[in-house]
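Encoded as structure tokens, the structure appears first; notes follow it.
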Amino acid sequence: MTQCRSNPQLYNAIKDRGTAYLMVFRELMKRHGEEEAKDVMRNASRAHGLIIGTSLASCAPRDFEGMAEGYAKAPDNGSIFCPDIRHLDETGLEVKMMACPIKDAWVEAGCSDEEICTLLYCASALDEATLEAAGFAYELELWSPGKEGCCRTKITEKTTA
């Protein structure tokens, strides 16, 4: 568990979301199997992300400073997810989240690395949909065992093909 948070109430609220994801995923898996559980969780995460993304649409097509503030440093100017801004200029934003209360919940619950990777895959649909709805192209690299922090996101201008 990473210790850079300054707002324990917000940290715990977000961590509780991770616990809820885990409980729902396990129940779905028990009733319907792993593939159906992943599908349902990704669809629900995606629906949530589409709502969030509309609030960032004013940043498109290339307000990467705005995306650093509204996406990478949200919800509390960065104290919960501890974003490491690795690149920020007029061409894009690259950020690595160095902390994640959602992942912390799964670690504390005793989830295996494999289960954490599966849950991150399910939850990542929220970020994918957020960035799509906001009008940006993106690359998302999920955490994997042995890597520091959590996920890395690269955001660039969406090109029309």
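The values are calculated or read from the model by the stated rules, or taken from the named source; none is laboratory data. Since the model is a prediction, treat every value here as computed from it, not as a measurement. Please note: Cβ atoms are built from the backbone with ideal geometry, for glycine as well, and neighbour counts cover all protein chains shown.
Overview of results
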item	result
Checklist (1) in contact (Cβ under 8 Å) with a residue 24 or more places away in the chain; (2) of a type outside the set (S, T, N, Q); (3) more than 25 Å from GLU35 (Cβ to Cβ); (4) buried (at least 19 other Cβ atoms within 10 Å of the Cβ) applied to TRP143, failing item	(3)
Test: residue in segment 75-93 that is farther than 25 Å from ASN7 by Cα, among the aromatic types (Phe, Trp, Tyr) and touching a residue at least 24 places away in the same chain (Cβ under 8 Å)	no
Top-ranked residue of segment 62-106 - restricted to ones that are among the hydroxyl-bearing types (Ser, Thr, Tyr) and farther than 17 Å from SER124 by Cα, ranked as surrounded by the fewest Cβ atoms within 10 Å (Cβ to Cβ)	THR91
Residue check for GLU114: surrounded by fewer than 21 Cβ atoms within 10 Å (Cβ to Cβ) and touching a strand residue (DSSP E or B) at 6+ places or on another chain (Cβ under 9 Å)	no
Filter pass, VAL40 being buried (at least 16 other Cβ atoms within 10 Å of the Cβ), at pLDDT 95 or above, under 16 Å from THR153 (Cα atoms) and of a type in the set (A, V, I, L, M)	no
Lone unmet requirement of (1) in contact with a Gly (Cβ under 7 Å, 6 or more places away or on another chain); (2) within 24 Å of LEU22 (Cα to Cα) for SER124	(1)
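Table: residues versus (1) over 27 Å from GLY18 (Cβ atoms); (2) modelled with pLDDT under 95; (3) charged (D, E, K, R).
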position: GLY70; (1), (2), (3): no, no, no
position: PRO83; (1), (2), (3): no, no, no
position: ARG86; (1), (2), (3): no, no, yes
position: ASP89; (1), (2), (3): yes, no, yes
position: GLY92; (1), (2), (3): yes, no, no
position: MET98; (1), (2), (3): no, no, no
position: ILE102; (1), (2), (3): no, no, no
position: ALA109; (1), (2), (3): no, no, no
